[in-house]
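First comes the structure, then the notes that go with it.
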Amino acid sequence: MSPTDLLNAGLASHGLAEMAIDLLPTTKSVKIGVSHDGLRASYEGDGEAEIQVPMTIKKETKRILEILLPRLATAAESLNLENGMIGDEISDDQFAHLLQLLKEAPLKELTLSEIDLQRIRSWTLAM
């Protein structure tokens, strides 16, 4: 199975997430896009994982992300959070939750794209 297939399989359930995460290669860069679309992912050959997260996160999706994101980010030096929604914004709570899941990443670069920082509390950015 390709890394993209493994990562997408891991998004299907928390049980598959537990199995898939151990089979993925080291991730150097993580891109998380928040959109109106469903949960999906891709993995580029040089250690770049991209995950599209729906704006409204269900309980099972939250559990899957709590398994995948911290372990994907263990070696990630780059994180890109992107708002892919037209006419909507990422909430402070959702932004804080994503940052919390990635707190152990040894980041050298954090990129925020199309995120209205006026909606994000200053203490959230201090995380």
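Observations
- Of residues in the range 54-71 being modelled with pLDDT of 90 or more and among the hydrophobic types (A, V, I, L, M, F, W, C), the one nearest to T111 (Cα to Cα): L69
- The residues of the range 53-77 that are more than 13 Å from L11 (Cα to Cα) and touching a His at 6+ places or on another chain (Cβ under 8 Å) amount to a single one, M55.
- Considered as a group, the residues in the range 3-20 that are surrounded by 19 or more Cβ atoms within 10 Å (Cβ to Cβ) and in contact with a Gly (Cβ under 6 Å, 6 or more places away or on another chain) include one that is farthest from L102 (Cα to Cα), and that residue is A20.
- Hey, G33 buried (at least 16 other Cβ atoms within 10 Å of the Cβ) and either among the acidic types (D, E) or under 17 Å from L117 (Cα atoms) (or both) or not: yes
The values are calculated or read from the model by the stated rules, or taken from the named source; none is laboratory data. No experiment lies behind these values; they were computed from the predicted model shown. Quick reminder, even Gly has a Cβ in these numbers, built from the backbone with ideal geometry, and neighbours come from all protein chains shown.
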